[in-house]
1. Inspect region 57-71 for any residue being within 23 Å of R22 (Cβ to Cβ), over 18 Å from the mean Cα position of the chain (by Cα) and not β-branched (V, I, T) and give the result as yes or no.
2. Of the conditions (1) of a type outside the set (K, R); (2) surrounded by fewer than 17 Cβ atoms within 10 Å (Cβ to Cβ); (3) within 25 Å of L137 (Cβ to Cβ), G27 clears all except one; give me its number.
3. Has region 27-36 got any residue that is at pLDDT 75 or above, of a type outside the set (D, E) and more than 30 Å from W52 (Cβ to Cβ)?
4. Being more than 22 Å from A39 (Cβ to Cβ) and surrounded by 13 or more Cβ atoms within 10 Å (Cβ to Cβ) narrows it down to one of A86, A91, A77, so name that one.
5. Go through region 94-109 and report how many residues are in contact with a helix residue (DSSP H, G or I) (Cβ under 9 Å, 6 or more places away or on another chain) and open to solvent by 80 Å² or more (accessible area, probe 1.4 Å).
6. For region 110-130: of the residues being within 14 Å of L44 (Cα to Cα) and of a type outside the set (S, T, Y), which is least open to solvent (accessible area, probe 1.4 Å)?
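The values are calculated or read from the model by the stated rules, or taken from the named source; none is laboratory data. This is a predicted model, so every value here is computed, not measured. Methodologically, a virtual Cβ is constructed for each residue, glycine included, from the backbone with ideal geometry; neighbour enumeration extends over all protein chains shown. For the accessible areas, the whole protein counts, side chains as well, though only heavy atoms, and no ligand, DNA or RNA atoms are used. Shrake-Rupley method; radii C 1.70, N 1.55, O 1.52, S 1.80 Å.
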Amino acid sequence: KTRWVCFAGAATAYGIGFTEVRWDQWGELALGGFSGLGAAALFLMTFIRNIWVCYAGYIVFKCLYMLLITIAMYQIAADLTMERYALVFGANNFGALALQTIITSVVVDSRGLGLGIIPQFTIYASYFSLIAVLFSLRGLFTIWRSDKEPTAAVRNDPPDCDEHKF
């Protein structure tokens, strides 16, 4: 069962590669939107008592999560030189694993809060909601800033020499 969910997530992440999107402008807003949908799927699984709805929510969440990872990795890699990939992605993965360990220790472990399943899902859904708000605000700011920047024609930049035939 888990293999099919991973396959669906991988197919979703692969499919995003075929979209024509200016990720430098819309990437953070997409991360915010997909994080919000992931939070909604987690909240749905938290408060709905139907197992089939929970399975569907899990599949949606897993696909969205893999999509988020793909977009985030692209956003990071777009501004890196080839020599820095290993260092940046290694540090990024280490930081993510450390954060995941801390959250799991605090929320799940009996020495931490030792919460039940419903409060755990509520905390994780709230965490994704917070991430969604942060990315959405940053994405809106990026779009607003790009609308305010003048284009080359407005700035009266000199044209490239290649454009003129002598």
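1. There is no residue in region 57-71 that is within 23 Å of R22 (Cβ to Cβ), over 18 Å from the mean Cα position of the chain (by Cα) and not β-branched (V, I, T).
2. Only one criterion in (1) of a type outside the set (K, R); (2) surrounded by fewer than 17 Cβ atoms within 10 Å (Cβ to Cβ); (3) within 25 Å of L137 (Cβ to Cβ) is unmet by G27, namely (2).
3. Scanning region 27-36 turns up at least one residue that is at pLDDT 75 or above, of a type outside the set (D, E) and more than 30 Å from W52 (Cβ to Cβ).
4. Step by step, each of A86, A91, A77 is checked, and only A77 is more than 22 Å from A39 (Cβ to Cβ) and surrounded by 13 or more Cβ atoms within 10 Å (Cβ to Cβ).
5. Of the residues in region 94-109, 0 are in contact with a helix residue (DSSP H, G or I) (Cβ under 9 Å, 6 or more places away or on another chain) and open to solvent by 80 Å² or more (accessible area, probe 1.4 Å).
6. Out of the qualifying residues, it is A125.
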